[in-house]
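In what follows, a single structure is set out as structure tokens and then discussed.
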Amino acid sequence: MAATGLSNLLSTKSLKKSSPSSLPWRVSLLSAFGASVAVPRRSKRSASFVVAAMDAKPTVLVAEKLGEAGLDLLKGFANVDCSYNLSQEELCTKISLCDAIIVRSGTKVSREVFESSGGRLKVVGRAGVGIDNVDLSAATEHGCLVVNAPTANTVAAAEHGIALLTAMARNIAQADASTKSGKWQRNKYVGVSLVGKTLAVMGFGKVGSEVARRAKGLGMHVIAHDPYAPADRARAIGVELVTFDEALSTADFLSLHMPLTAATSKVLNDETFAKMKKGVRIVNVARGGVIDEEALVRALDAGIVAQAALDVFTEEPPPKDSKLVQHENVTVTPHLGASTMEAQEGVAIEIAEAVVGALKGELAATAVNAPMVPAEVLSELAPFVVLSEKLGRLAVQLVAGGSGVKSVKVTYASARAPDDLDTRLLRAMITKGLIEPISSVFVNLVNADFTAKQRGLRITEERTVLDGSPENPLEFIQVQIANVESRFASAMSDSGEIKVEGKVKDGIPHLTKVGSFEVDVSMEGSLILCKQVDQPGMIGKVGSILGEENVNVSFMTVGRIAPRKQAVMAIGVDDQPSKETLKKIGEIPAIEEFVFLKL
Ligand SMILES: NC(=O)C1=CN([C@@H]2O[C@H](COP(=O)(O)OP(=O)(O)OC[C@H]3O[C@@H](n4cnc5c(N)ncnc54)[C@H](O)[C@@H]3O)[C@@H](O)[C@H]2O)C=CC1
Ligand SMILES: O=C(O)C(=O)COP(=O)(O)O
């Protein structure tokens, strides 16, 4: 039917060519992180604006000393402001001018800092491992990505642990101070041997396992406690995993290597010291907060703990009159675990790369509060990321009223096995598409799940496993919104949900279904959906109304139930038609309903 109308239209219109070389996914990944810089908060919601804004250099605040190689890397991409030893007040003032901040363990990135940033801060880089100085919940709520540098200081921390272990066993620090003061106390500083002694490594992660490896080289019997460590990794280096109580009761030496979490806070306390072998020696290069420091002083005084060697403290620096620091059986260092030349250069490069990547909108491999998606998965999912956001955006604009969206079902149809498809990124982008058109909230990969939950939006995901080649990650994605009415009744499925479906063709997202009508329109620019009685000349009529106002049509398709019955016409337009133009379209007698949607 529509052949004549369509050819007429195409001859008078320049059909916008969509080529894979102009793929929009890069833009959308930027907006996935809200990676725009130096722009007013609400402007970030426009994906094209995001790219334009990248012309302005982002500003990175380096709040603690960072290796030169990392600084050079940052300077190649951003304005770098190195301001050390800022008070919380100064930090809160400065942060509203920064797109990213890089810290070590000495700076508290508190909720107040995120609140003071006015939405501009997009990335926190922790130049090291422990992120207990960053308020992760606040970061996530503010859509701010937190990345760390988890590997470059592992060996340094492990070496420092071993240095403290051996120094403690042989009273190196105390003997050094005594000798320098002119004394010669050979009897006072008789040490203990390490060989044959049992070392319990508490926290068998990166640092813990390196400590274990080195301690075995010193002839120690090494056991480890870590509720989450795989037994085969421990077995591979000849370490037996034991329960917490077993570790406490059998160890001659305890070396702490777990993160500071709610579960590990003050895990060594009066009660647990009481379970230890009398005369145990403790090394802590993890976090001060895992030990109840007052209880440790009591345990040292009671002789339960013979010695402790501590690199980290609950409060850093600790108070000058700290009984723990001053205790004669305690060896201390000022949080030096990561402080080797090599580690600091490595950490600086690792964090600079992560921060620059995140500001560019790339998914970070060391993201702490967002899904980590490997680069190869990302590149194949990229066009589906765009499709997901657009389907969400389209579906929510079809809702009458727009605020009662509570229950959304997403179906991913793929020939891949369910565990071979990571949908977190897609879900986040659907959420972004669903929420942004109806709110002032800025949604990105970091805060998508949080924002959905906060708004009472329940997104359920389903997989349809198709036959066929698993080469293509996804055949189509379907988004259904339940318990709502639609501004475009034809978008309702037979079972009463708003339903839209799309797929990726030649790298370009296409809308392929609206309600029960099959359509095929590339999802670029904006879209007009019309329900009409299928008859000749309809495309021409709508096309010429748009043409009169110089609105460029990029794509047109008609999905119909049967010839001369109801049909849905989907028209992609580059420009936004005026109200009058839309009114004229609505007044065409055969058009029963129509809707204009911004993609
Ligand atoms: N003093 C310093 O300068 C440095 C300190 N660190 C600290 O060392 C600690 C370990 O760092 P990594 O090995 O890189 O981290 P990691 O994440 O590789 O290892 C931590 C391990 O602790 C385990 N764990 C978690 N909860 C536990 C619990 N309740 N009991 C026992 N084990 C538990 C985890 O399963 C994990 O295997 C962190 O706290 C980090 O901040 C790291 C580098 C330098
Ligand atoms: O990486 C860690 O967790 C550390 O504790 C190192 O801290 P720093 O970067 O030396 O302040």
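Each reported figure results from applying straightforward, stated rules to the coordinates on display, with no laboratory input. Quick caveat: nothing in here was measured; it's all calculated off a predicted structure. We place every Cβ from the backbone using ideal geometry, glycine too, and count neighbours over all the protein chains shown.
Each Lys or Arg adds one and each Asp or Glu subtracts one; over the other residues with Cβ under 14 Å from the Cβ of G404, this totals +2.
What lysines sit close enough to K541 to cross-link, taking a C-alpha to C-alpha distance under 25 Å and skipping anything fewer than 8 places away on the same chain? K541 reaches K13, K16, K17, K513, K531, K565, K579, K583, K584, K598. Can you work out the FRET efficiency for the pair M341 and D245, with r the C-beta to C-beta distance and R0 = 35 Å, to the nearest 0.05? The computed FRET efficiency comes out at 0.30.
Positive contributions from Lys and Arg (+1) and negative ones from Asp and Glu (-1), summed over other residues with Cβ under 11 Å from the Cβ of L86, come out at -2. In the frame of its principal axes, the stretch 526-598 has Cα extents of 31, 21, 18 Å, reported largest first.
Here's the list of lysines a cross-link from K278 could span, going by alpha-carbon distance under 24 Å and ignoring same-chain residues fewer than 8 apart: K188, K197, K216, K266, K323. Placing a pseudo-label 7 Å from each Cα along the Cα-to-Cβ vector at L136 and D506 gives an inter-label distance of 4.5 nm. Among D420, D252, a tally of other beta-carbon atoms within 10 Å of each Cβ gives an order, fewest to most, of D420, D252.
Across the stretch 395-400, computed HN-Hα scalar couplings (Karplus, 6.51 cos²θ - 1.76 cosθ + 1.60, θ = phi - 60°) run 4, 5, 6, 7, 6, 7 Hz from first to last residue, x flagging Gly and Pro. The D574 and A302 beta-carbon pair, evaluated with R₀ = 60 Å, returns a calculated FRET efficiency of approximately 0.15. The label point for K360 and the one for I237, both projected 7 Å from the Cα toward the Cβ, are 3.3 nm apart.
Alpha-carbon geometry of the chain: the Rg and the Dmax are 30.8, 108 Å, given in that order.
Multiplying the residue separation of S265 and Q535 by 0.36 nm and subtracting their alpha-carbon distance yields 90.0 nm. Ranking of R463, R287 by neighbouring Cβ atoms within 10 Å, starting from the fewest: R463, R287. Fewest neighbouring Cβ atoms within 10 Å first, the residues I545, I430 line up as I545, I430. Counting every pair of alpha carbons in the stretch 374-515, the share spaced more than 26 Å apart comes to 19 percent. Note on E592 and K565: the extension gain reaches 8.5 nm, defined as 0.36 nm multiplied by sequence separation minus the Cα-Cα distance. Extent of the stretch 391-469 along its three principal axes (Cα atoms, max minus min coordinate, largest first): 41, 27, 16 Å.
With each label modelled as a point 7 angstrom along the Cα→C-beta vector, the Y84-D72 pair spans 2.0 nm.
Local charge sum around P150 (other residues, Cβ-Cβ under 14 Å, Lys/Arg +1, Asp/Glu -1)? Result for the neighbourhood of P150: -1. Please list log₁₀ I(q)/I(0) at q = 0.16, 0.20, 0.23 Å⁻¹ for the stretch 273-327, using the Debye equation with identical point scatterers on the alpha-carbon positions. Debye output, listed in q order: -0.43, -0.67, -0.89.
Beta-bridge orientation, the stretch 374-515: approximately 70 percent antiparallel, per DSSP, counting only bridges with both partners inside.
Close amide H pairs (under 5 Å, H built 1.01 Å from N) link R416 with L466, residues at least 5 positions away or on another chain.
Dipole magnitude for the chain: about 260 debye, using +1 per Lys or Arg Cβ and -1 per Asp or Glu Cβ, origin at the Cα centre. The length gained on full extension between S544 and Y228, counted as 0.36 nm times the residue separation minus their Cα-Cα distance, comes to 107.2 nm. Of the GluC sites (Glu not before Pro) found in the stretch 99-177, no site is in coil according to DSSP while having at most 16 other Cβ atoms within 10 Å of its Cβ. From helices alone, the chain scores -9500 deg cm²/dmol at 222 nm; the rule is -39500 (n - 2.57) for each run of n ≥ 4 DSSP H residues, then divide by the residue total. One Cα centroid belongs to the stretch 299-324, the other to the stretch 150-171; the line between them spans 17 Å.
If a/c stays under 1.5 just call it rounded; otherwise compare a/b with b/c (prolate if a/b is bigger, oblate if not). Do that for the stretch 291-416, with a ≥ b ≥ c from the square roots of the Cα gyration tensor eigenvalues.
Details: a/c = 3.76, a/b = 2.38, b/c = 1.58.
Note, shape of the stretch 291-416 comes out prolate.
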